[in-house]
Amino acid sequence: MSIAEITPQEFDLFRSLIEQKVGIGLTQEKRRFLGRKLARRIKELSLSSYASYYRLVGSREGEAELARLLGMVTIGQTQFFRGDHQFTLFADKLLPQILERKKDGGRVRFWSAACSMGQEPYSIAILLLEKTRQARDLDMKILATDVDRESLRFAHAGRYPGSVKAEVPSPYLSRHFKLEKGPGGEGYRVREEVRRLISFRTLNLLTFPYPMAGPFDAVWLRNTMIYFGAPAKKAILAEVQRLLVPGGFLCLGGSESLLGLDARFSLLSHAVYVKS
Ligand SMILES: C[S@@+](CC[C@H](N)C(=O)[O-])C[C@H]1O[C@@H](n2cnc3c(N)ncnc32)[C@H](O)[C@@H]1O
């Protein structure tokens, strides 16, 4: 049985519940995104409607399902230039070092390893265009991967709601986004010049070995390993280590560290490591 699109009233019910439980206020632009995720889950559980799923997650027996619902929402949380200090460090220190190493030419490769809806790789791409004007002839590419196909589809389209104005510094917004007006209101599309720096691919970080050849000059693996146990984290880090160039950089999320996990990296700055 197919499940109809979620109505604004049904969305409001879930939105209030999520806000009350984890303090995340979903904007109206997330209605279809959440609706599609819920519809898939409703089918898997052989339920018939959003209302029956809502009753389940509100019930005592539905506690595990409620945790899963909250996971659906928090797991993809991201934003442009999330963790400002790391992007500043990248633009001012790491990128100049990487370019210095390539001053005689060569490939520059970056990997955003759990890119969610694309804000992270687009932030990197914007900084590449902003900070490497003199080196635009370098062969620079960003690989952006995630396990969630729907997030990747969204990322690939590069269309974001008007609320990104609060995340992207205004000179970058005017240079790298195109204002689009549609029935859903004002939105921004990442310009072609930025989009063409990125290839989006599906990749499950728990399926080894990874199919890419690399090597990468820097990897962003942020706010994702928190969902995995120590053995999985170690296996992921071994792959990242293999795929980084010597002296390559690894950026983790602000609350993450490699403490006790992998000694083959040294700490450079908060949550930023160098391959030893
Ligand atoms: C909180 S988001 C992080 C997005 C971005 N890196 C950031 O820090 O803003 C976590 C992402 O990890 C992805 N993810 C979860 N499990 C994964 C797996 N096994 N393989 C690849 N990606 C995974 C989710 O789909 C989600 O997009």
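Kindly indicate which of I124, I98 is part of a helix (DSSP H, G or I), closer than 23 Å to Y188 by Cα and out of contact with any Lys or Arg (no Cβ under 7 Å at 6 or more places or on another chain).
After ruling out the rest, the residue left standing is I124.
Assuming A67 fulfils every condition listed in (1) assigned by TED's automatic domain parsing to the domain that holds F33; (2) away from the ligand (no atom under 16 Å from the Cβ) apart from one, which condition is it?
(2)
Can you go through L26, L47, L38 and tell me which one is modelled with pLDDT under 85 and touching a Phe, Trp or Tyr at 6+ places or on another chain (Cβ under 9 Å)?
That would be L26, the only listed residue that is modelled with pLDDT under 85 and touching a Phe, Trp or Tyr at 6+ places or on another chain (Cβ under 9 Å).
Check the stretch 82-89 and report whether any residue there is part of a loop (DSSP other than H, G, I, E, B) and closer than 27 Å to G254 by Cβ.
yes
Determine, yes or no, whether G253 is among the small types (G, A, S), surrounded by 15 or more Cβ atoms within 10 Å (Cβ to Cβ) and touching a residue at least 60 places away in the same chain (Cβ under 8 Å).
yes
Among strands (runs of 3 or more DSSP E) lying entirely in the stretch 129-227, which contain 2 or more residues that are loosely packed, with under 12 Cβ neighbours inside 10 Å and either outside the structural domain of M117 (by TED's automatic domain parsing) or away from the ligand (no atom under 14 Å from the Cβ) (or both)?
177-182
For the list (1) within 16 Å of the ligand (Cβ to nearest atom); (2) polar (S, T, N, Q); (3) more than 24 Å from G248 (Cα to Cα), I need the number of the one condition that S112 fails.
(3)
What pairs come up if the first residue lies in the stretch 155-171 and is closer than 16 Å to C115 by Cα, the second is of a type in the set (V, I, T) and surrounded by 16 or more Cβ atoms within 10 Å (Cβ to Cβ), and their beta carbons are under 7 Å apart, counting only those six or more places apart or on different chains?
These pairs meet every condition: G158/V190.
Does at least one position in the stretch 25-41 carry a residue that is among the polar types (S, T, N, Q) and over 21 Å from G185 (Cβ atoms)?
Among the residues of the stretch 25-41, not one is among the polar types (S, T, N, Q) and over 21 Å from G185 (Cβ atoms), which makes the answer no.
Give the residue, chosen from A51, A64, A114, that is within 26 Å of V147 (Cβ to Cβ) and part of a helix (DSSP H, G or I).
Of the residues listed, the single one that is within 26 Å of V147 (Cβ to Cβ) and part of a helix (DSSP H, G or I) is A64.
So which of K103, K93, K43 ends up being surrounded by 12 or more Cβ atoms within 10 Å (Cβ to Cβ), closer than 29 Å to P246 by Cα and away from the ligand (no atom under 14 Å from the Cβ)?
K93
Do you know which residues across the stretch 239-255 are under 20 Å from A144 (Cα atoms) and within 21 Å of the chain's Cα centre (by Cα)?
Scanning the stretch 239-255 gives E239, V240, Q241, L243, L244, G248, F249, L250, C251, L252, G253, G254.
The values are calculated or read from the model by the stated rules, or taken from the named source; none is laboratory data. Here the structure is a predicted model, which is why all the values come from computation and not from measurement. So basically every Cβ, Gly included, is an ideal-geometry build from the backbone, and we count neighbours across all protein chains shown.
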